[in-house]
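Written below as structure tokens is the structure these notes are about.
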Amino acid sequence: MNYLRITSGILIFFIINHKCAASIVPDHTTKPDSSTFIRMLFLDLPLVDFPFMQKAARMRSSLKANTTGTESLTISNYLGGYESPSMQQSLGLTKSLHSLNYYTSNKLWDKWIHPDTRQKLLLNRIGANLTAGAVDLVFTYYGIVFSPQWLHEEFHRNGMTMNGIPSYDETYNRFNGGVAVGSVSKVRDEDLIRWKQEAPEEMIRSFAAGTESELLLLRSLQRDHFKGAGYPYILMNMLLTKHAVDYVNQFKQPGFDSSIDSMNYYGGKIADRDFVGWDFSAWVYDLHRPDEPYSSRGIHPSGTGIDRAIKNAQLSEEERAYLSKMGKMQYLNFLSPFMAGIRHIRLSRHTSFNFATRHYLTSFGYDLNLDLLINHREKPFYISLHGYRNKYRFYPGIEFESPPVNVKEWQIQPRIMAWMQPVHQRFYDTRARTGGMFQLNVARPVGKSVNVYINAEGKTKGWVAGNPYLKSNLTVRCGIAAAFKN
């Protein structure tokens, strides 16, 4: 029923938008703008991501050998480590697969209904969005592996992988037999006890990282759309944003605690249990209780192991009120013209812009940020204003990314961030720590549309969406990027 409502809304939007556009265009203008005929495809596959890949190789070795992962690593371990890709590796793969879907849908509908009049453009866009949306739904709920559901679980796993904690993404059951579901299992209680004791802020971040992945996927697709891709991805915008809203608000549902009872009933074996249960009741619980031992959750109803999932009844009034506030703020993620498929808003002949608001839940509270996308003379600039917040303070931040600069045969693109964040990345911190990140992407063409690149990203201590490290870190990535224009 929700899908039907969203689809109906898309159809109504197209019709209203078409009528409004027609009313402001001079009578002699009978054809759409020339940009209507541009179709682009952007692909990005980060093949190497260090030092995360070393952590993944060790985690994979530990999972297979059921050890602490102190043995020497082999090439086989590194290859097996791809089973737990980094945030940027998993994001690049999922985004690229969806981009292929949108590009293919565009090509097909341009062939079936060439958009050379406004009426044909309307039918073309409705058709492309409906078929692309149908493929997205089938991919996410039936294909599962490499879909946003898989991406969600891989973002959860990144924190465990970095801390040497073996885990398993249940979406891989699509390949291995069994039921493919969105869950992370094969996590030992003793590892969770150690993790909460040594790095509670990293555990808290991992609980919220699933929806972080969904917002980043939309951010990446929206950037490509702004650059001219023309993706028919309205349904994906709506569904992923609605999923984030519903998930954070899930604890309000009457059957929430009963669903945890059912979860516990089928989780008799420790290895079969999800590492967190439902994400956000656990997130807000540990956010407010970072120093409480993990074992204080009590014994699992089966009598074996720790009771991991947090029920609504276990939350304090303050915790429920805070999570309710976060649920309401999630609706801010809908505030963007991208939600309606609008690529840009023209300011002048050479300048256009777009924007999007995003509300991320973090290790210390939340980040409310405003993305500003500016295109000046066919060069895209990205500015993001960040508002980090914990219980006591507001902390500002800013992010800037320039268009690539050509230096002989190389393309160089910098990205810089500066921020103030809670000093220990915790909800109750009262002092701030100044920090930042600098990223440099260097690419070289190896064909008409394909580049190989090296990306160096250094950061101080702090939370950055899509970067699994809360501590200071230097990451180097190598991969292949492609941009096809038709």
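Carbon-plus-sulfur fraction of the accessible area of region 133-206, 1.4 Å probe, in percent?
Numbers: 1470 of 2520 Å².
Ligands and nucleic acids excluded, carbon and sulfur give 58 percent.
Determine the dipole magnitude for region 265-419: charges of +1 sit on the beta-carbon of Lys and Arg, -1 on that of Asp and Glu, nothing else is charged, the reference point is the Cα centre, and the result goes in debye to the nearest 20. Let's see the in-between values first.
Working: 20 positive and 16 negative charges, 114 e Å.
It comes to approximately 540 debye.
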Checklist line | Within region 320-350, backbone nitrogen closer than 20 Å to the virtual label 7 Å beyond the Cα of K379 toward Cβ | finding: 345-350
Notebook entry, point to check: What is the helix-to-structure angle for 317-329, meaning the angle in degrees between its Cα long axis and the longest Cα principal axis of the chain, kept from 0 to 90 and rounded to the nearest 10?
Noted result: 20 degrees
Notebook entry, point to check: By per-residue mean of other Cβ atoms within 10 Å, what is the highest-first order of 291-301, 349-359?
Noted result: 349-359, 291-301
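Sorting check: for 76-83, 195-202, which peptide has the highest mean count of neighbouring beta carbons within 10 Å, and how do the rest follow?
Values: 76-83: 16.4, 195-202: 18.9.
Those peptides, ordered most packed to least, come out 195-202, 76-83.
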Notebook entry, point to check: Got a sec? Charge dipole of region 243-387, +1 on Cβ for Lys and Arg, -1 for Asp and Glu; which of N264, G298, Y331 is way out at the positive end?
Noted result: Y331
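Strictly over 18 Å apart at the Cα level, which of K111/K448; K227/K485; K196/K391 would you flag in this model?
Working: K111/K448 24 Å; K227/K485 11 Å; K196/K391 20 Å.
From the list (K111/K448; K227/K485; K196/K391), the Cα-Cα distance tops 18 Å for K111/K448; K196/K391.
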Margin query: Over the chain, what is the relative contact order in percent, taking alpha-carbon pairs closer than 8 angstrom and at least six residues apart?
Written below: 15 percent
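Is there a pair in K55/K471; K95/K252; K242/K471; K95/K120; K95/K242 whose C-alpha atoms are over 21 Å apart, and which pairs would that be?
Numbers: K55/K471 15 Å; K95/K252 31 Å; K242/K471 31 Å; K95/K120 28 Å; K95/K242 18 Å.
K95/K252; K242/K471; K95/K120, as the Cα separations exceed 21 Å there.
Please say if region 320-371 is rounded, prolate or oblate, where rounded means a/c under 1.5 for a ≥ b ≥ c the square roots of the C-alpha gyration tensor eigenvalues, and otherwise the choice is prolate for a/b larger than b/c and oblate otherwise?
Prolate shape, in that a/c is at least 1.5 and a/b is the bigger ratio.
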Note to self: Could you report region 337-464's accessible area per residue, 1.4 Å probe, as an integer in Å²?
What the structure shows: 48 Å²
Check: Given labels modelled 7 Å from the Cα in the Cβ direction, how far is it in nm from R289 to E83?
Finding: 3.3 nm
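Over region 196-314, average the accessible area per residue using a 1.4 Å probe and give it in Å², no decimals.
Numbers: 3940 Å² over 119 residues.
Per-residue accessible area for region 196-314 comes out at 33 Å².
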Item checked: Positive-end residue of P445, Y78, Y247, charge dipole of the chain with Cβ unit charges -> P445
Check: Amide H to amide H under 5 Å from S84: which residues, 5+ apart in sequence or cross-chain, H placed 1.01 Å off N in plane?
Finding: none
Item checked: Probe 1.4 Å, protein heavy atoms only - accessible area per residue of region 128-187 in square angstrom -> 32 Å²
Check: Carbon and sulfur: what percent of region 294-343's accessible surface (1.4 Å probe)?
Finding: 59 percent
Check: For region 138-297, what Kirkwood radius comes out of the mean inverse Cα-Cα distance, in Å?
Finding: 16.9 Å
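Where nothing but the Cβ of Lys and Arg (+1) and of Asp and Glu (-1) is charged, how large is the charge dipole of region 169-312 around its Cα centre, in debye to the nearest 20? It would help to have the intermediate numbers written out before the result.
On the way: 17 positive and 21 negative charges, 74 e Å.
Roughly 360 debye for region 169-312.
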Notebook entry, point to check: To the nearest 20 debye, what is the magnitude of the charge dipole of the chain about its Cα centre, counting +1 on the Cβ of each Lys and Arg and -1 on the Cβ of each Asp and Glu?
Noted result: 1420 debye
Next item on the list: Jot down the radius of gyration and Dmax of region 364-486, Cα atoms only, both in angstrom.
Entry: 16.9, 53
Check: How much of the accessible area of region 358-446, probe 1.4 Å, is carbon plus sulfur, in whole percent?
Finding: 61 percent
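The values are calculated or read from the model by the stated rules, or taken from the named source; none is laboratory data. This structure is a prediction, so every number in the text was calculated from the model and none was measured. Backbone-built Cβ (ideal geometry, glycine too); neighbour counts: all protein chains shown. Ligands, DNA and RNA are excluded from the accessible area calculation, which covers all protein heavy atoms including side chains. Shrake-Rupley method; radii C 1.70, N 1.55, O 1.52, S 1.80 Å.
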